[in-house]
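First up is the structure itself, then whatever we jot down about it.
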Amino acid sequence: MATFVTGVSTFFNIFSQSSKSLGRDFQQIRNYVGCRMRRDAKRRKMAGQYAEERLRLVAMKRNDILPIEIRDLVEKEIQEKIPRQTALRQLTFRCVLTSRPRGVVYRWRFSRIVFRSLADYNKLAGIQRAMW
């Protein structure tokens, strides 16, 4: 067991030295995938599956031209067939790296903290910090 541990540690030492010699220093990326991130991913998947049917039924439910009886039937069908978790308001926009739910820049799906740090070091294409 000890030889295995020393072999693994020497491999990682060689790997870290070779990566620095190439001029590329690997930055540690924090990736927090917790229960909330998994739950949100599950909700997004379900929302994608039921999106077309949900949109059709909700449009029928909100239509003023249809009789009230048909709208009531559609409302019952929505409650019985479509899970409540598929509603778009159930989805939380989270940072891809840190899973932070607040302050997310929607276009890149990063929190404001991660977005600023990546923009400072020119890690995002087309984004540059404003200087004057």
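Quick look at the numbers
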quantity	calculated
Heavy-atom accessible surface of region 33-92: percent carbon and sulfur, 1.4 Å	52 percent
Residue-normalised accessible area of region 33-92, expressed per residue, 1.4 Å probe, Å²	81 Å²
Cα-based Rg / Dmax (Å) for region 34-132	19.6, 64
Principal axis box of region 33-92, alpha-carbon based, largest edge first, Å	47, 17, 16
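The values are calculated or read from the model by the stated rules, or taken from the named source; none is laboratory data. Here the structure is a predicted model, which is why all the values come from computation and not from measurement. These area figures cover heavy atoms from the full protein model, side chains too; ligands, DNA and RNA do not enter into them. Shrake-Rupley method; radii C 1.70, N 1.55, O 1.52, S 1.80 Å.
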